[in-house]
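Read-outs throughout are calculated quantities, based only on the coordinates presented, and are distinct from any laboratory measurement. Small disclaimer: the values here were computed from a predicted structure and weren't measured. Please note: Cβ atoms are built from the backbone with ideal geometry, for glycine as well, and neighbour counts cover all protein chains shown.
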Amino acid sequence: MVNRVVVGAHYGLKDWLAQRVTALVMAVYTLVMVVLLSVTGGGFDAWRGLMAHSFVRFITFIFVLSLCYHAWVGIRDIWMDYVKPTAIRLTLHVLTLLALVGYAGWTTQILWRL
Amino acid sequence: MSNRTLQFKIYRYDPDKDQKPYMQEIAVEVESTDRKLLDAMVKLKAKDDSIAFRRSCREGVCGSDAMNINGRNGLACLTDLTTFPEGKPIVLRPLPGLPVIRDLIVDMTQFFKQYHSIKPYLINNDPPPETERLQSPEDREELNGLYECILCACCSTSCPSFWWNPDKFVGPAGLLAAYRFIADTRDQATSERLDNLEDPYRLFRCHTIMNCVEACPKGLNPTKAIGKIKDMMVRRAV
């Protein structure tokens, strides 16, 4: 294979847009949680009481999904900038994806176990 | 203002003679009529003619004398000598991120390759009219702040994304030029131009840190143009 520079993957817009949308979701969630916690007060019981509502669980779930997608785009950007060999980069991409999917699953388990 | 002596620290590297680059300290006396950094550098060159730098129009139109001045990219011919603090040497280095040919002269091949990759010319397959292709004043207005780019490379060489991927990321200067043709109502290749940029490297390496805006000696805003390209892609996609 000739070592020519190849570009033109024709993706990027979707991820760029998703990164902005997920950032917005996380910002709104943070505001909502700050308000809710300032009303109920901190502490274990208050958190537990809050998470007993399925609505709060649901928005927390959405928040975690947003966080994972956002992190995926961001971390991948770092690998793309600094890791040049294709094989190593692909491995890192896969590991990042697996870790993030794992975290999402783990969070889901924690949320519905409460 | 009377005559005064300016201290310089200049990046020197001649690949034929030097093992590695070094900083040369040199002083030069300037007169009250010397207003710009380039004036002082011309005096410097008279004192030590081994110093190499590019210069041509000396009025901020050709973009030849772009360099790193006290850590910031700019044009020597537009930089006022009065802006330098007294008693501190003026540090001159070549534009960062590009291969050095000699002293302050860099190899701009990569930069111009990226510029050419966006097809910086009007694409219109209609037969040319008798006189000219007309635009409304409002449509023409959109090209202001885009066409003035002199391709000095101050912006692209201050962009970390361009430092890491100069072969794949178009860079602020190229993207500003790309939007200049995307925004032009006389151009017929808008969709192809957007296709050409819809790529994780070519356009989306820009993370909006705005070094380009700070560096531009012509006061242009590549970040804004890049934002408009992204807006158009979103409008096209949703």
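Local charge for B:V106 was computed over the other residues whose Cβ lies under 11 Å away, with Lys and Arg +1 and Asp and Glu -1, and equals +1.
One decimal place: the segment B:T190-B:E138 gains 16.9 nm when fully extended, by the rule 0.36 nm per residue minus the C-alpha distance. If you take the alpha carbon atoms of region A:13-113 and fit the smallest convex hull around them, that volume is 109 Å³ per residue. Among the cysteines of the protein assembly as shown, those with no neighbouring cysteine Cβ under 4.7 Å are A:C68, B:C77, B:C149, B:C152, B:C154, B:C159, B:C206, B:C216. Ignoring lysines fewer than eight residues from B:K228 along the same chain, the ones with Cα atoms less than 17 angstrom from its Cα are A:K14. Highest mean packing comes first when the peptides B:100-108, B:13-21, B:123-131 are listed by Cβ atoms within 10 Å, giving B:100-108, B:13-21, B:123-131.
Look at the stretch B:200-212: the mean tally of other chain Cβ atoms within 10 Å of its residues' Cβ atoms is 4. Judged by the gyration tensor of its Cα atoms, with axes a ≥ b ≥ c, chain B is prolate; a/c meets the 1.5 cut and a/b is the larger of a/b and b/c. Ranking B:N221, B:G171, B:T185 by how far each Cα lies toward the positive end of the dipole of region B:170-234 (charges on Cβ) leaves B:N221 at the top. Note on chain B: GNM, Cα springs under 10 Å; of B:T83, B:T223, B:T185, the largest mean-square fluctuation is that of B:T83. Ordering A:A104, A:L31, A:V21 by Cα displacement along the dipole of region A:13-113 toward the positive end leaves A:A104 in first place; charges were set at the Cβ atoms of Lys, Arg (+1) and Asp, Glu (-1). Inter-chain neighbour count for A:4-12: the average number of beta-carbon atoms from partner chains within 10 Å of each residue's beta-carbon is 6. Is the C-alpha gyration tensor of region B:190-238 telling us rounded, prolate or oblate? Criteria: a/c under 1.5 is rounded; beyond that, a/b larger than b/c is prolate, otherwise oblate. Here region B:190-238 falls in the prolate category. When the listed pairs B:K20/B:K88; A:K84/B:K230; B:K47/B:K218; B:K9/B:K47; B:K36/B:K218; B:K45/B:K113 are checked against a 20 Å cut-off, the alpha-carbon distance exceeds it for B:K20/B:K88; A:K84/B:K230; B:K47/B:K218; B:K45/B:K113. Counting Cα-Cα pairs of region B:109-237 in 5 Å increments starting at 0 gives whole-percent bin shares of 2, 11, 22, 24, 20, 12, 6, 3, 1, 0. Mean silhouette area of region B:4-106, derived from the convex hull of its C-alpha atoms and averaged over all directions, reads 6.3 nm². By the gyration tensor of its Cα atoms, with a ≥ b ≥ c the square roots of the eigenvalues, what is the shape of the protein assembly as shown: rounded for a/c under 1.5, prolate for a/b over b/c, or oblate? Taking the square roots of the gyration eigenvalues as a ≥ b ≥ c, the protein assembly as shown is prolate. Taking only Cα atoms and a 10 Å spring cutoff, compute GNM fluctuations for chain B and point out the largest among B:K47, B:K218, B:K228. Looking only at B:K47, B:K218, B:K228, the biggest GNM fluctuation is shown by B:K47.
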